[in-house]
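Right, one structure below, let's go through it.
The values are calculated or read from the model by the stated rules, or taken from the named source; none is laboratory data. A quick note: this is a predicted structure, and the numbers were derived from the prediction, not measured. Cβ placement follows ideal geometry from the backbone for every residue including glycine, while neighbour counts extend to all protein chains displayed.
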Amino acid sequence: MAGAKRKSTKGAASQVAKKTKGVSGGITTLSDEEINSIASQINEQRSYNSIVQLLDELKSLKSILSKKENDKVEGTSRLLTLTIFKCFNKLYEDNLLVAKKSYDEKKTLVVKWLLDKYESFKAILLDWLSTADFSYETSIQLDMLDIYMSLIKLEATHMSSDQAYFPTQTYKKLIQNLLKVNTFPLEIDGTSSNFILEEFNTKYFSKYWDLQFYFYYVLQEEEEQQQQDAEEGEEERDVEVEQKKGTQSTVFGNFYRLALTCPKLLFDIEDQKSSPNWSTPNSLPSIAYKSSAFKTAFQKTIMNILSLPSIQTNQYKSILLVLHKRIIPYMAQPQNLMDFLTDCYNITDDEVVPILALNSLYELMKRYNLEYPEFYTKLYSLLTPNLLYTRYRSRFFRLCDLFLSSTHLSSNLVASFIKKLARLSLRASASGVVIVIPFIYNLLKRHPSCMVMIHRPSELDAASSSSKKSYTDTFNNDETDPLRTGAIDSSLWELETLMSHYHPNIATLAKIFAEPFRKLTYNMEDFLDWSYITLLDSEKTRRYRGLAALEYQQWDKVLGDEGNTYISGWKF
Amino acid sequence: MAGSQLKQLKAALKTNGLTGQANSKKNKKSRTATEIRRDDREEIISNIRQQFNKFDTKTNRTKKDYTVIQGGKFVKAGTAQHNNSTRSRSVMEENLKLQYGANKSRHGKTGGVVDRRFGESNKNMTNEEKMLERFTKERERQSKKNVFSLGSDDEGDDEDDDGFVLTHYGKSLALDEAEDDNDERKRGWGIDEEDQGLMPIEDQPQRKKTKAEVMKEIIAKSKFHKNQRQQEHQKALDDIMDLDEDFEDIMQDLNSTAAKIPKKQFSEKKPEEIEYDNKVRELTYDRRSVPADRTKTAEEIQKEHDDRMKQLETARLNRMNGIADDRDKEGDDLDDDFWNGSEEGGDSEDEEEEEVEDEDASEDEDGSNGSGRAKKTRTVVSMPSTHAEFASMIAGIETDKQPAFIDKIIQVYQPRLAAGNKEKMGQFTCILLDHILYLNEPEHYLASNNDLINKLIQKLKELSEKYNEPLVESIRGTILKIQERIMEQKYESMDLVFYTIVGYVFSSSDHYHLVVTPTLILMNETLSGIQYNSGIQFQQVFTTVFISEILLKYTTFSKRIVPEALQGLEKVLLSLVPEPTKIAEQNKLNIIEVVETVNTLPKSIKASKSTGSISLQTLYKVKPTLQDKFELLQKTVSLIGNYLEIWKETNALPEIVSAFKAILKHTVKYYSAQIKQLPELLNKLDKLERFALNDRKPLTLQHHKALAIATFAPKFEENFNPDKKSYDVNRERQEIGKMKAQLKKEKKSTLKDLRKESRFVAREQIKEKKDMYETYHKKMASIVNSISTIEGAEKNQYEKEKQQRKSKR
């Protein structure tokens, strides 16, 4: 290290001359040697003013890079950033960046000035990071992120002279910038896929628990502030509102990417012991070790995020998907989510959101004793024609299976579910039918009082010949209360019809209702995830065996309009 | 039993049927029985003998009355049973002792006489067999004669060998009868020769011949004469043969000279006669006329056809109901199938070929100037290896001549004409399929190709039977490709054509079909991928309608339900009908939110004439006209009418049609004039629904035959007999059981005997040892005794002497 420095001092004078030449050329680019020499000047001769020069240089380089991709400039800026970082590192080691009482007035002034430069360096880095001007993905931004994270480390080590310290402000600025990183377009599920975020997530956030803790700790204040801002500026013009909405969904997307995709939140004491912290090997401020503090911070942050006024529906969906697993266990008071979930559950214009909210609602009911009035009525109303066509049907049926497993349910209610599902299966996709049939079988097995729906040897049979009293279906399809649909007195003709389903396996499956109910239950997991693709995949493996049966009937034409035609009324 | 011993004996013999009248009528039956038991006679007699020999039996009389356990039974002491068993035991003991003694005497000894008699150590042979075998061996050894031994002069020689004698110059080498007597003396030849050499044998006085010698001489003479006679006769025969041969030669010579004279230069036959002869000659070469198959009447042909159709129909029904006979074909039918297959293949090929030729001929006749072209193509055709090659080949040929071109290829590359043609034709079938699909791609489509495609598909159907496997494999490949297209939400007319072809060629009513089932899955995947919203595209609507049409065709026969088609038709209707939001019974619809779509028709439309059939290429219209959409609506309405045929069979008809009814009721307000069948259909729907609702009864799916509970009541035997071991009805099983029991018993007793023997041996050994020790001790004691007596005597002597000497002193 020392040797390298000495080497660079040698040619310092000549390089200064070159520098002036570069300035005269109009472009303020320094060559690598010049940067090195200036750095050594700063280090050896304490000519701190040169820092300003380097910082200016870095700023100007950014404007060059944002216009066009340039490998050389990129290299230079990388070196420059590193050099400046080294300088500050040295300054920290010399205790010139920490104001101490022992310093005299002059020295204090120097420290103050240097601190100012230090701040501006951080600002430049953040500017680099958050800029969306780059039309391409550059690794320099990732380097900047690394440098910034090292700065945090630097601060934490050098400022914690008397007590544990975490550079909250520095970290906060980084997070603010990261969250606002503009990454349009968002993914289909409303999350962002920015590569800087990705890097931050994998390299730092998911590994170091202190970063996680301070992430939420910092954010809780941040969001509050933002809310206030929103309240204040309610009378903004439309354009601005639009813009704001855009940023909000971006922030959400970024937050989702950061916070909810990392594999595990590390906040338990054990976790803290076992996993390293980033900023300092020593202990952190005591607040960081309180799990309740983390939970509170987490809760506040989540609540803030969820209450952002302009989140898109797909973003709701994606957060609902992970809510019960990734969020509820870490919250201080998950009950506060109740209103949010109830609202989601009651949404009528989208069928998927209530289905997704069901999981978290169940979690709350199970763990936190939430009571939901007329839960089954609501559940029944979810049985819409589109249910069997949605992607999340398996999720719904898993829960529904759970909700209907109680033997204390009224058979009227169970019968309503059965009948409704059978009705739906008449127009369902093959995969939907595959779910419905064993599901109904299990329900019938569990609630034998509903067996009358498939087997009602009526007294009518005996009497019908004489009285001619015909049977009328009692089921009311439009009734919303599952207790009053009259389904129990109806019959499942729909299932009987499904016995002649076009797919041989499904038709065979449907025939279980005409056979003795010997099987205890069907394992629903075997049936939930079928799709046309998996059905077709199972066809792929079949081997050709013997002649594939041919149609023996003859037609004169395949498509045409008259005469003996296979399909008439069409032509090629 | 009273009377003397003699009387008793007589009585005993009589009761056993051994004495008495031989032919008394009374005993006839029993006699026969005794005859059967002739072998038992010995036994019976020995029994009687034993009975009368009282001195042989030992009886232990006991004064006290007690019982012992013998052989697992309580036996009273002193009874006959007890005595018998004791006796048998003592006999066995004796036997064991004897055996043990024998073993002991043999113990530690080697050598001795080895019994080499045949079969002596073979336990599997009975005594008789041994004897027989020994006898035959002996005979064999005796009959082995040395024919070259000059001295052998057995009497049996002549009888055995039929006069076979070693001779020298016709004289027997055997020593003459004359020398017989001094044979004995001539043992040492050399010495005897010297003795007798001086006097020749002839000089000896003629001895009188014995009778045997005379007889032999006579026999030899007669044999010699007989031989001579035979030789003469043979010679005469040979001479006659020679003469016969010569005679033929002579006759030939004679004939040739005789024939020369009458032969003429020209035949006298008239030309008619010659012609007639020729005809006759020809006739001989003609094949014998075989009775031809009777020409079938039209009715018979019709009947045959009907039978065949019926057979195919039942096969189809079986497949539809999933009663697969494929399974039977798997295993042992291999060679049957194999031969059948090849035969059938051959037959059908021949037929096919004939047909093709016929077609060819007719075509030639049709196109009057076509013969030249046909010849040309004959030289040109070659088998394309890829579809691209085929496309370039066929591009230069006029559209209406393409089928003929394909025929030509099929004809030229018949599998029987060259090896490898079968594979080529298989490939060609696939190419044909590709070509049909290719013709339906929008960039290659020509409106004039309609007939061509129809024809090509028919060709494909013809080929599909023979080249089934390659076609099926190629179709399965195509299915995978279409699957990818569906994932990308692309709608292509060629896919629609593909579905049609599969339905057209293969039996679509099957319960499971290697090709049809995946195709069904594909179609339904397409249908369920189409979402109903305001932006539903015309393409999607069109695809849905056509696929529903094909699905109807697939399921008409088997009457299967396709839920996706139901949903699809409803979507199509909703997206086409005018003002859908005003439909009265919204709740009956299976779609939550009804919206106006881009395809919604206006309230009123000009009643335009139907242009007939809709082209599949309409799919690609970027801006479909109102007319197009209206036609789709018409098609949908008529489709629903056709689907009713399937739906009315199901119990869920009211649930199925309720939504359609609501929509159609709404539609009829606008288009009752334009779509003629609409009111009619509504009426029909109404009626069917009413009937269905009235007739419908609750399900009774669980009517199962009651299963009997397994009972375990004891089974009572009617005629129970404690002695009877088994009540098994099955005779064989009973026998086996008996055998097993016997085996077990034997095993047990053998084990028992073995144990007894070993125990006996141990006992004996201990006894011997004891004896040995005892004798030893005795011996030692006597020795010690004798020594001590001598010692005592000596001592006495010594004392005496001492005393004497003392006294002397």
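So here's what we get for this one:
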item: Count - residues of the stretch B:488-499 that are assigned to a helix (DSSP H, G or I) and either at the interface with chain A (Cβ under 8 Å from one of its Cβ atoms) or touching a residue at least 60 places away in the same chain (Cβ under 8 Å) (or both); result: 4
item: Selection within the stretch A:529-563 - out of contact with any strand residue (DSSP E or B) (no Cβ under 7 Å at 6 or more places or on another chain), basic (Lys, Arg) and facing chain B (nearest Cβ under 7 Å); result: A:Arg542, A:Arg545
item: Flag if A:Tyr566 is outside any loop (DSSP other than H, G, I, E, B) and facing chain B (nearest Cβ under 9 Å); result: yes
item: When residues of the stretch B:60-78 are limited to those that are hydrophobic (A, V, I, L, M, F, W, C) and out of contact with any His (no Cβ under 9 Å at 6 or more places or on another chain), the one modelled with the highest pLDDT; result: B:Phe74
item: Flag if A:Ser406 is within 23 Å of A:Met365 (Cβ to Cβ) and in contact with an Asp or Glu (Cβ under 9 Å, 6 or more places away or on another chain); result: no
item: B:Thr667 touching a Leu at 6+ places or on another chain (Cβ under 7 Å), surrounded by 15 or more Cβ atoms within 10 Å (Cβ to Cβ) and of a type in the set (S, T, N, Q); result: yes
item: Residues that are surrounded by fewer than 11 Cβ atoms within 10 Å (Cβ to Cβ) and not in a loop (DSSP other than H, G, I, E, B), drawn from the stretch B:278-305; result: B:Asn278, B:Lys279, B:Val280, B:Arg281, B:Glu282, B:Leu283, B:Thr284, B:Tyr285, B:Ala298, B:Glu299, B:His305
item: Boolean, A:Glu351 is charged (D, E, K, R), under 14 Å from A:Phe396 (Cβ atoms) and not assigned by TED's automatic domain parsing to the domain that holds A:Leu402; result: yes
item: Conditions (1) touching a residue at least 24 places away in the same chain (Cβ under 8 Å); (2) within 30 Å of B:Asp695 (Cβ to Cβ); (3) surrounded by fewer than 23 Cβ atoms within 10 Å (Cβ to Cβ): number failed by B:Lys582; result: (2)
item: When residues of the stretch B:426-465 are limited to those that are among the charged types (D, E, K, R) and touching a helix residue (DSSP H, G or I) at 6+ places or on another chain (Cβ under 7 Å), the one farthest from the other protein chains (Cβ to nearest Cβ); result: B:Asp434
item: Scan of the stretch B:500-514 for residues that are more than 7 Å from every other protein chain (Cβ to nearest Cβ) and not polar (S, T, N, Q), ordered by number; result: B:Ile501, B:Val502, B:Gly503
item: Of residues in the stretch B:582-601 being more than 7 Å from chain A (Cβ to nearest Cβ) and of a type in the set (S, T, N, Q), the one nearest to B:Asn533 (Cα to Cα); result: B:Thr597
item: All positions within the stretch A:476-499 that are within 7 Å of chain B (Cβ to nearest Cβ), modelled with pLDDT of 85 or more and surrounded by fewer than 17 Cβ atoms within 10 Å (Cβ to Cβ); result: none
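So that you can scan it fast, the table gives a plain yes or no per residue for (1) under 60 Å from the mean Cα position of the chain (by Cα); (2) in a helix (DSSP H, G or I):
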residue: B:Asn84; (1), (2): no, yes
residue: B:Met92; (1), (2): yes, yes
residue: B:Lys109; (1), (2): no, no
residue: B:Val114; (1), (2): yes, no
residue: B:Phe118; (1), (2): yes, no
residue: B:Asn124; (1), (2): yes, no
residue: B:Glu138; (1), (2): yes, yes
residue: B:Gln142; (1), (2): yes, yes
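For every residue, the table says whether it meets (1) within 11 Å of chain A (Cβ to nearest Cβ); (2) under 30 Å from B:Glu655 (Cβ atoms); (3) touching a strand residue (DSSP E or B) at 6+ places or on another chain (Cβ under 6 Å); (4) surrounded by 10 or more Cβ atoms within 10 Å (Cβ to Cβ).
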position: B:Leu699; (1), (2), (3), (4): yes, yes, no, yes
position: B:His704; (1), (2), (3), (4): yes, yes, no, yes
position: B:Ala710; (1), (2), (3), (4): no, no, no, no
position: B:Pro714; (1), (2), (3), (4): no, no, no, no
position: B:Glu717; (1), (2), (3), (4): no, no, no, no
position: B:Asn721; (1), (2), (3), (4): no, no, no, no
position: B:Lys724; (1), (2), (3), (4): no, no, no, no
position: B:Arg733; (1), (2), (3), (4): no, no, no, yes
position: B:Ile736; (1), (2), (3), (4): no, no, no, yes
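Residue-wise test of (1) buried (at least 17 other Cβ atoms within 10 Å of the Cβ); (2) within 13 Å of chain A (Cβ to nearest Cβ); (3) not aliphatic (A, V, I, L, M).
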{"position": "B:Lys621", "(1), (2), (3)": "no, no, yes"}
{"position": "B:Pro624", "(1), (2), (3)": "yes, no, yes"}
{"position": "B:Leu632", "(1), (2), (3)": "yes, yes, no"}
{"position": "B:Ile640", "(1), (2), (3)": "yes, no, no"}
{"position": "B:Ser658", "(1), (2), (3)": "yes, yes, yes"}
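Yes/no matrix, rows are residues, columns are (1) under 55 Å from the mean Cα position of the chain (by Cα); (2) without any contact (Cβ under 8 Å) to a residue 40 or more places away in the chain; (3) closer than 21 Å to B:Val594 by Cβ:
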position	(1), (2), (3)
B:Val622	no, yes, no
B:Val657	no, yes, yes
B:Lys669	no, yes, yes
B:Leu678	no, no, yes
B:Asn683	no, yes, no
B:Arg696	yes, no, no
